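Since the structure comes first, as structure tokens, the remarks are kept for the end.
The values are calculated or read from the model by the stated rules, or taken from the named source; none is laboratory data. The structure presented is a predicted model; accordingly, all values stated were derived computationally and were not measured. FYI the Cβ positions are ideal-geometry reconstructions off the backbone, even for glycines, and counts take in every protein chain you see. The protein model used for the area step is the full one, side chains on, heavy atoms only, and it has no ligands, DNA or RNA in it. Shrake-Rupley method; radii C 1.70, N 1.55, O 1.52, S 1.80 Å.
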Amino acid sequence: RPNITVFEMDQQSVISCKLDLLARIRPSPKPKCNVVRVAANLSEIGWDASLVLAGFSWESPAVWIVEGLVYYFEEEQVESLFRTVNSLACPGSRLCVSCVSEIGIRAQTSAAQEVSNSPSEEAVVSASDVSTMELSSKFKWACSTPETYFPSVGFQVCEIAWLGGDKANYGRWPQGCEPSRKTMYIT
């Protein structure tokens, strides 16, 4: 909708790559809202200044979507990010975050160690397993108790949806399947 502005924040290299890929699509999709791309490193202090300079106003409620990001940050960076978002979020704003639990990190670290301890001629690992292990070995932060963590950085937890559960299934898991206890979406 034309009266909605989406501020997409990422590192400049990622924004440039996305814009290059979008430019190659024919016909080029036209956003149905105003999109403002802001180059910033969210793991560093001061990213909020770039957002405000780009036109963000903390006087209007906003929806903050932080997906696929915080598990790559150190704990201090995660806390700084959420405290900064909280300082910019006026009443009526919402925060939606994807997090991994410590169970998820331990399970994937354990799988990576099993593969690295196996003789190479006996180890059978798919390309997707290797990719998952390489990514999970970079995970630095997990949140096993969002009910207590998020209030500590200024947010009230409204809902926790586990990946694969009824509220975060996306048609990818069989009906009635037990949800993963590794990844969650917190509102």
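Here's the yes/no breakdown for (1) open to solvent by 40 Å² or more (accessible area, probe 1.4 Å); (2) of a type in the set (Val, Ile, Thr):
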site: 4; (1), (2): yes, yes
site: 45; (1), (2): yes, yes
site: 50; (1), (2): yes, no
site: 63; (1), (2): yes, yes
site: 74; (1), (2): yes, no
site: 85; (1), (2): no, yes
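Residue 27 fulfils the conditions (1) touching a strand residue (DSSP E or B) at 6+ places or on another chain (Cβ under 7 Å); (2) open to solvent by 50 Å² or more (accessible area, probe 1.4 Å); (3) not aromatic (Phe, Trp, Tyr) except for a single criterion, (1). Just to be sure before I move on: is residue 39 open to solvent by 30 Å² or more (accessible area, probe 1.4 Å) and closer than 18 Å to residue 18 by Cβ in the structure I sent? Yes; evaluated as a whole, the condition is true for this residue.
Only a single criterion out of (1) of a type outside the set (A, V, I, L, M); (2) in contact with a strand residue (DSSP E or B) (Cβ under 7 Å, 6 or more places away or on another chain); (3) free of Cβ contacts under 8 Å to residues at least 12 places away in the same chain is not satisfied by residue 34, namely (3). Listed by first and then second residue, the pairs linking a residue in the range 1-21 that is in a helix (DSSP H, G or I) to a residue that is of a type outside the set (D, E, K, R), with Cβ atoms under 8 Å apart and 6 or more places separating them unless they lie on different chains, are 12/39; 15/39.
Exactly one residue out of 132, 84, 187 is hydroxyl-bearing (Ser, Thr, Tyr) and either over 17 Å from the mean Cα position of the chain (by Cα) or at pLDDT below 55 (or both), and it is 132. Identify the residue in the range 87-103 that is open to solvent by 20 Å² or more (accessible area, probe 1.4 Å) and under 15 Å from the mean Cα position of the chain (by Cα) and, among all such residues, is farthest from residue 147 (Cα to Cα). So the residue we want is 94.
Taking residue 59, is it assigned to a helix (DSSP H, G or I), open to solvent by 50 Å² or more (accessible area, probe 1.4 Å), closer than 18 Å to residue 155 by Cα and free of Cβ contacts under 8 Å to residues at least 40 places away in the same chain? Show your work before the answer.
Details: assigned to a helix (DSSP H, G or I): no; open to solvent by 50 Å² or more (accessible area, probe 1.4 Å): yes; closer than 18 Å to residue 155 by Cα: yes; free of Cβ contacts under 8 Å to residues at least 40 places away in the same chain: yes.
Considered against the rule, which asks whether it is assigned to a helix (DSSP H, G or I), open to solvent by 50 Å² or more (accessible area, probe 1.4 Å), closer than 18 Å to residue 155 by Cα and free of Cβ contacts under 8 Å to residues at least 40 places away in the same chain, residue 59 comes out as no.
From the residues in the range 139-150 that are open to solvent by 70 Å² or more (accessible area, probe 1.4 Å) and more than 14 Å from the chain's Cα centre (by Cα), which one is farthest from residue 76 (Cα to Cα)?
Filtering the range 139-150 down to residues open to solvent by 70 Å² or more (accessible area, probe 1.4 Å) leaves 140, 145, 147-148.
Filter once more, so that each one left must be more than 14 Å from the chain's Cα centre (by Cα): 145, 147-148.
Details: 145: 17, 147: 19, 148: 17 Å.
This residue is 147.
Taken over the range 151-178, the criterion of being within 30 Å of residue 84 (Cα to Cα) and among the basic types (Lys, Arg) is satisfied by 167 alone.
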